[in-house]
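Structure, as structure tokens:
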Amino acid sequence: MSGFSATWLDLREAADGRARDTRLLTAAAALVDAADAPLVVDLGTGTGAMARALAQHLQKAPEWLLVDADLAVLAEADARAGSLPGQVSVLRHDLSTPTPLPVSGATLVTASALFDLVSDTFAERLVATLAAGRTALHANLIYDGTTEWHPAHPLDEPVLAAFNRHQRRDKGFGAALGPSAPGALAEKLNRAGFHVSSALSAWRLGPEDEALVRELATGIASAAHEEGHLAKEAVDEWLDFRLQHAGEGRCIVGHVDILATV
């Protein structure tokens, strides 16, 4: 799955690249390099940005399987696969269905910005599958529920609270883990016997990210509107303020990266 347009994914790719924890990304790449015939499976691949980020740290050319339910972004991933070392395959697969997860034989499974969208049941099923195959996981850019805006606005906290409630709604898998995802995933992995390392990987957005900030603020406001706990006029005023300062302010969005090894 991705459920996001290629335009949005392209808009966030640079911020994602700055945010990912280099230590964990390098360690994940070392696992691939140490395998005899490595296979990397990227779940919810979108346009393949996670694979491109990992490839920069590899010494070996692995086999890749890029998985997504969205044919449009999967076509983009396929079109951009020439930048990846090794053989690349793409697979349309809806992770929310009860069919077996396409991770058999993988050396490493990766997923960016996925686990805050999935249900507790899905996370449990994936961890059990990985444990059975003794497969490592690099899950990165998992939203942790924190956002800081500069300059501040009186409605920043109420709007964030509304957005975080919205993040727990069904995103296709059942009730989503939302901001609880980093802790929930780490706990499941620990319980399954994995060695778990984590690191903060916040977006740190400035004036150079104006287009991304505009889309981010607009999306947060839309979620707050849908949540319905705040007056529409108040959320609209907050959004107007955020858009006015998008080219000069700063924003920090909290994420967590996790590397789980056996």
In Å², rounded to a whole number, the accessible area per residue of the chain with probe 1.4 Å is 43
Can you tell me which of SER83, SER119, SER198 moves the most in a GNM of the chain? Springs connect C-alpha atoms under 10 Å apart.
SER83
For LYS60, go through the aspartates and glutamates and keep the ones whose alpha-carbon is under 14 Å away, minus same-chain ones fewer than eight residues off.
ASP33, ASP36
Leaving out ligands, DNA and RNA, what percent of the accessible area of the chain is carbon and sulfur, probe 1.4 Å?
53
Please find, in a Gaussian network model of the chain (springs between Cα atoms separated by less than 10 Å), the residue of GLY48, GLY178, GLY105 whose mean-square fluctuation is greatest.
GLY105
In the chain the DSSP beta bridges are antiparallel at a rate, in percent to nearest 5, of 50
Go ahead and run the numbers for FRET between GLU63 and GLU148, Cβ-Cβ distance against an R0 of 35 Å, rounding to 0.05.
0.30
Choice from ARG12, ARG169, ARG23 showing the highest fluctuation, given a GNM over the chain with Cα pairs closer than 10 Å
ARG23
Working from the alpha-carbon coordinates of the chain, get Rg over Rh, Rh being the Kirkwood radius.
0.97
Could you tell me how many degrees, from 0 to 90 and to the nearest 10, lie between the Cα long axis of helix 181-191 and the main elongation axis, the longest principal axis, of the Cα atoms of the chain?
30
How high is the relative contact order of segment 1-68, given as a whole-number percent (alpha carbon pairs under 8 Å, six or more residues apart)?
42
Using only the Cα atoms of segment 196-255, build the gyration tensor, take square roots of its eigenvalues as a ≥ b ≥ c, and label the shape rounded, prolate or oblate: rounded if a/c is under 1.5, else prolate if a/b is larger than b/c, else oblate.
oblate
Over the chain, what relative contact order in percent results from Cα pairs under 8 Å that are six or more residues apart?
22
So if I restrict to the alpha-carbon atoms in segment 98-201, what is the Rg, and what is Dmax, the biggest pairwise distance, in Å?
15.4, 51
Any idea what angle helix 6-19 forms with the longest principal axis of the chain, computed on alpha-carbon atoms, 0 to 90 degrees, nearest 10?
80
Where does segment 1-143 land on Rg(C-alpha)/(2.2 N^0.38 Å)?
0.95
Quick check: the distance between the Cα centres of segment 207-227 and segment 125-144, to the nearest angstrom?
29
Nearest 500 deg cm²/dmol is fine: what mean residue ellipticity at 222 nm does the chain get from its DSSP H runs of n ≥ 4 alone, each adding -39,500 (n - 2.57), divided by its residue count?
-13000 deg cm²/dmol
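The values are calculated or read from the model by the stated rules, or taken from the named source; none is laboratory data. Keep in mind it's a predicted model, so treat the numbers as computed, not measured. Backbone-built Cβ (ideal geometry, glycine too); neighbour counts: all protein chains shown. Ligands, DNA and RNA are excluded from the accessible area calculation, which covers all protein heavy atoms including side chains. Shrake-Rupley method; radii C 1.70, N 1.55, O 1.52, S 1.80 Å.
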